[in-house]
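Participant: Would you mind keeping the following structure in view while I ask a few things?
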Amino acid sequence: MKTAIVTGCPGQDASYLSELLLEKGYKVYGIYRRSSTEKNASNMAVAERHTDFHQINLDITDASGIFSIISHIRPDEYYNLAAMSHVGQSFKEPISCAYVNGTAVTIVLEAIAKHSPHTRFYQASTSEMFGGITESQSETTSFVPRSPYSAAKLYAHNMVDIYRKSYGIYACCGILFNHESPRRGFDFVTRKITSGIARYKLGLSSHIELGNLAAKRDWGHAKDYVRAMWMMLQAQEPSDYVVATGETISIKDALEYVCGIAGVEPNEACKINPAFNRPLEVNVLCGDPSKIKRELGWQPEYTWQDLLYEMYQHDYSINYSQSVLNSSGKEKVEETQVQA
Ligand code: GDR
């Protein structure tokens, strides 16, 4: 039986990846921080029912804790999915972002090199490192980070390369473009749109508020992207891979598509609020996934239309239940909308 450690529970990616690994017969140790657990508890419902899933409460910046679990468990695979993941928020907390998204990765690389060199390591790198300066981005495109978030992620990305070359450990970075699902946090723009428009349609809110509608993103489904992470750690040689669909649309396009499903008028349902603009924006991201398709045979199964449709249907149904419960005077359902 293979053993894997997955950080970032109960986030979207860690929850889907844990389920995938459990299906494949792994014993999975999910690392979580107590404050994250309260927010996304429902994401882990499937994994938690599995007898081979074990949870460990640990902050990934706690070096002695990370050294201790790596030297005790000596896992076959370690997936580092924990991060401060909101780019806008990183401008407000740049120092803690540097620890969590940067220094914590060096801690785990050092622990693996010293105590468990057979462990295969996956690092969640990001398309944000490209900075949207070019029209299409691949593994050979230069990195021009435009946020504390992406600067810290680029530091981690470089450290993975340094440990791979210096100590020969098997370590890969997945340069993942935006990936979403019904488990996405409510403060990311896709979920703000699908949840907000569902609530607007049901009469639960007067409108939604967004920032820059002109930015363009290459959106895929998180389920497809966690499969790519696992494939990277099964290859013969470690390497870094772009994971993307190769198609890009604007926030405005996404809003209009979801409003079309709901049958509502975008200009009435959405108001622009500059408070949601970032000090520095990444304007266009569009990934070129040729390398991972060619070398590992990865293919996405979802289009952005499938993705947004699934998210809208999910959000409509949870909000529908809520509106029924509200009108009958009962308790709220677990998931609530948070504006960010
Ligand atoms: P991003 O995702 O920053 O690309 O990072 P997000 O959904 O937050 O923003 C996408 C784009 O939408 C614009 N936008 C808004 N964004 C938010 N959150 N809220 C708004 O109201 C709003 N209005 C417009 C943003 O300016 C931006 O251009 C995500 C994260 O998951 C990262 O952790 C990950 O590394 C990258 O994707 C790949």
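Participant: How much mean residue ellipticity at 222 nm does the chain get from its helices, if each DSSP H run of length 4 or more adds -39500 (n - 2.57) and you divide by all residues, to the nearest 500 deg cm²/dmol?
Facilitator: Rounded to the nearest 500, the figure is -13000 deg cm²/dmol.
Participant: Still on this model: Just how much of residue 142 is accessible, in Å², when a 1.4 Å probe is used and the result is rounded to the nearest 10?
Facilitator: Accessible area, nearest 10 Å²: 80 Å².
Participant: If you don't mind, there's one more thing I want to ask. Once Lys and Arg get +1 and Asp and Glu get -1 on their Cβ, which of 200, 123, 57 lies farthest toward the positive end of the dipole of the chain?
Facilitator: Of 200, 123, 57, it is 57.
Participant: Roughly how tilted is helix 12-23, in degrees to the nearest 10 and between 0 and 90, from the longest Cα axis of the chain?
Facilitator: The helix 12-23 is inclined about 60 degrees to the chain.
Participant: Using a Förster distance of 51 Å, how high is the FRET efficiency between residue 144 and residue 328, based on the Cβ-Cβ distance and rounded to 0.05?
Facilitator: FRET efficiency, residue 144 to residue 328: 0.45.
Participant: Also: Viscosity 0.890 mPa s, temperature 25 °C: give me the Stokes-Einstein translational D for the range 177-244 in µm²/s, with Rh taken as the Kirkwood radius over C-alpha pairs.
Facilitator: Estimated diffusion coefficient is 172 µm²/s.
Participant: So, one more: Return the Rg/Rh value of the range 15-71, two decimal places, where both radii are evaluated on C-alpha atoms and Rh is the Kirkwood radius.
Facilitator: Taking Rh as the inverse mean 1/r over Cα pairs, Rg/Rh reads 0.98.
Participant: Now, a different point. Return, for the Cα atoms of the range 146-263, the radius of gyration and Dmax in Å, separated by a comma.
Facilitator: 18.0, 58
Participant: Using label points projected 7 Å from each Cα along Cα→Cβ, tell me how many nm separate residue 321 and residue 278, to one decimal.
Facilitator: Rounded to a tenth, the inter-label distance reads 3.3 nm.
Participant: Please state, rounded to one decimal and in Å, the Kirkwood hydrodynamic radius that the range 1-153 gives when every pair of distinct Cα atoms enters the mean of 1/r.
Facilitator: When all Cα pairs of the range 1-153 are included, the Kirkwood radius is 16.2 Å.
Participant: How many times 2.2 N^0.38 Å is the alpha carbon radius of gyration of the range 197-307?
Facilitator: 1.32
Participant: Label points 7 Å out from Cα along the Cβ direction at residue 91 and residue 35: separation in nm?
Facilitator: It works out to 2.1 nm between the two label points.
Participant: Sticking with this one: What do you get for the angle between helix 148-167 and the principal long axis of the chain? Use alpha-carbon atoms, 0 to 90 degrees, nearest ten.
Facilitator: Relative to the chain, helix 148-167 is tipped by roughly 20 degrees.
Participant: Can you work out the Karplus-derived ³J(HN,Hα) for every residue in the range 203-215? Use 6.51 cos²θ - 1.76 cosθ + 1.60 with θ = phi - 60°, whole Hz, and x for glycine or proline.
Facilitator: Result, ordered by residue: x, 8, 8, 7, 5, 10, 10, 10, x, 7, 8, 7, 4 Hz.
Participant: Under a point-charge model restricted to the Cβ atoms of Lys and Arg (+1) and Asp and Glu (-1), what is the dipole moment magnitude of the range 119-238 relative to its Cα centre, in debye to the nearest 20?
Facilitator: Using only the charged Cβ atoms, the result is roughly 400 debye.
Participant: Quick one: grab Rg to one decimal and Dmax as a whole number for the chain, Cα atoms only, in Å.
Facilitator: Answer for the chain, Rg first and Dmax second: 19.8, 63 Å.
Participant: Under 5 Å between amide hydrogens, which residues at least 5 positions from residue 179 or on another chain qualify, with H placed 1.01 Å from N in the peptide plane?
Facilitator: For residue 179, whose amide H was placed from the backbone, the distant partners under 5 Å are 220.
Participant: Right, another one. Take every Cα-Cα pair in the range 78-152 and report what % of them are more than 16 Å apart.
Facilitator: 55
The values are calculated or read from the model by the stated rules, or taken from the named source; none is laboratory data. These figures come from a predicted structure and were not determined experimentally. All Cβ positions, even for glycine, are placed from backbone atoms using ideal geometry, and neighbour counts span all protein chains on display. Heavy atoms of the whole protein, side chains included, go into the accessibility calculation; ligands, DNA and RNA do not. Shrake-Rupley method; radii C 1.70, N 1.55, O 1.52, S 1.80 Å.
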